[in-house]
1. Label points 7 Å out from Cα along the Cβ direction at Arg497 and Lys14: separation in nm?
2. Tell me which lysines have Cα within less than 17 Å of Lys409's Cα, excluding those fewer than 8 residues away on the same chain?
3. Please report, in debye to the nearest 20, how large the charge dipole of the chain is about its Cα centre when each Lys and Arg carries +1 at its beta carbon and each Asp and Glu carries -1 there.
4. On average, how much area does the Cα convex hull of the range 64-155 cover when viewed from any direction, in nm²?
5. Among the lysines, which fall within straight-line cross-link reach of Lys50, defined as a Cα-Cα distance under 18 Å, with same-chain neighbours fewer than 8 residues apart omitted?
6. Take the Cα coordinates of the range 166-252, assign each an equal point scatterer, and use the Debye formula without solvent to give log10 I(q)/I(0) at q = 0.11, 0.22 Å⁻¹.
7. Counting Lys +1, Arg +1, Asp -1, Glu -1, what net charge surrounds Leu335 among other residues with beta carbon under 12 Å of its beta carbon?
8. Report, to the nearest 10°, how far helix 68-78 tilts away from the longest principal axis of the Cα atoms in the chain, using its own Cα long axis and a range of 0 to 90°.
Amino acid sequence: MSNPCLSLIDLLAKTVDQFPDNDAFISGKHRLSYAELWQSSRRLSRCLDKQGVQSQEAVAIVLPRCLEASISVYGVMYGSHVWVPIDPLSPTEVIHQILVDNHCRVLITHPVLSQKIEKLLTGKHALHTVIGLDENITDQNSVTFISWSHIGTLPESDKPPQPQSDDIAYIIHTSGSTGRPKGIVHTHYSGASYAALAAQTFTLSENDVVACHGPLHTDMCTLGLLAAPSVGACTNIIPDAYVKVPASLSAYIESNGITVWYSVPQAIVQLITGGVLHKRNLHSLRWVIYAGESIAPKRLLQLIEWVPNAQLCNVYGPAETNQCMHHVIEGEKELTLLDANRESVPIGNVWAETSILLIDHQDQPVVRGAIGELLVHSSTMMKGYVRTDAANDNSAKRSVFFTDSKEGKRFYRTGDLAKLLPNGSYSLVGRRDRQVKVRGMRVELDAIELLLTQHPNVINAAVVKMCDESDSYNISIRAAVTTQENCDHDSISDYLRSRLPIHAIPNSIQVIEAMPLTSGAKLDRLKLIEQMQW
């Protein structure tokens, strides 16, 4: 269970005392022990103090997958500063907007991103210090540059750890694929609660090697960055070069003895379809965990054969709540039944310190078994958003928070639609904003996507609604799929016609080479609509 008195730095300090010589983080051929992580973080903290960074001030982190990410996160938190990770691949304008929203004056980066940062500095900005680049990289007189090698020569901070449990620890931003990125504010309490509950749920220990596949700017990194260090486990930050090639990634998993895998489904599907898993010895894996989107049961059935010792787990929780529900797949029998019934893997049951509600469009509880919007209250829940205007759902002009009048608890409105199953677990059925009406009849776009992924030769599917520019009520449904080589358009159309009512059949289906993805490797629907000639 979580300890509300401990900050994330307190958790790390306990681990350093217990396991100083254990590997804390590995990335490629580079590694840091817990003692080295503590020393390096305290040196960075001293540097931030010398640059005048105040308590609870936000510090931007723009880094690739590398060991410096761990030093940056804990070095920033040591002095009760706030780490704000930013996608290095974001347009300069987006990075600038995040810096402005969070009042960042200091940015931490890496030499491989020097051109990106130089471009950022040519425009208007409030930065006065850039850490991670050589001092002579530019003639920007208004900016102080401090290299990583210089950080390594500094004495460690002579202050004790500063953060309190209710202090802000980090701010993660949404991808912005549906508008301006929202800054999600998490405290040491919510972060430490997540770390403790995740470690408990997945029985993490000092013997585990946890793969950190997600980039730093996404919530997918928190299992490796926060939960693993709380128990002395080793986190392996997978280098960018391996992430991009499934066969190389599976070889990396094998050679590094990964015991816990956690990623978005896209990465797992790529491993299944192109990772030559049949050639690997993956007996070290004891957990394969995924979150963010669904994986077709047929794909998971393929995976079971190649990861014989691993438990498969579907976890649920938007970035605003961290994780809050999970479902451990019982094995081949369950997946075969789900596949036969054309059902998705459940999101399972809530974990500790969490409660949920299912409500209708009038904010009233739905009857048992009915579909309702999923609301979450948890110790792992965010404090709020950086901007007050982000706390409202513009499509419905309502607050993203709901207060239960009976207990006075504040719940986060996820926007996801779910239902309670007879066995007491929950199943996700779509999004509140993904239901459309065609000729007066309701159509769930997510249900069509799920059905398409169950076609034996379809790898990925996306279904979107399109509106006539001259008539917003004239809605059509369009689908895009990626397929194996021996699949054609007609077979997919025939497959849908035999399983869907006529009003739910997409007006067009296009076979494309690859789905456009957000920086967090989730489907980017807006980009899909923009780039395709529907």
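The values are calculated or read from the model by the stated rules, or taken from the named source; none is laboratory data. What you see is a predicted model, and the numbers here were worked out from it, not measured in a lab. With ideal geometry, Cβ positions are generated from the backbone for all residues, glycine too; neighbour counts draw on all protein chains shown. Ligands, DNA and RNA are stripped out before the accessible areas are found, and what is left, the full protein with its side chains, is counted by its heavy atoms. Shrake-Rupley method; radii C 1.70, N 1.55, O 1.52, S 1.80 Å.
1. Simple spin-label model gives 6.3 nm for this pair.
2. Lys383
3. 620 debye
4. 6.0 nm²
5. Lys159
6. Computed log10 I(q)/I(0) values: -0.37, -1.08.
7. -3
8. 70 degrees
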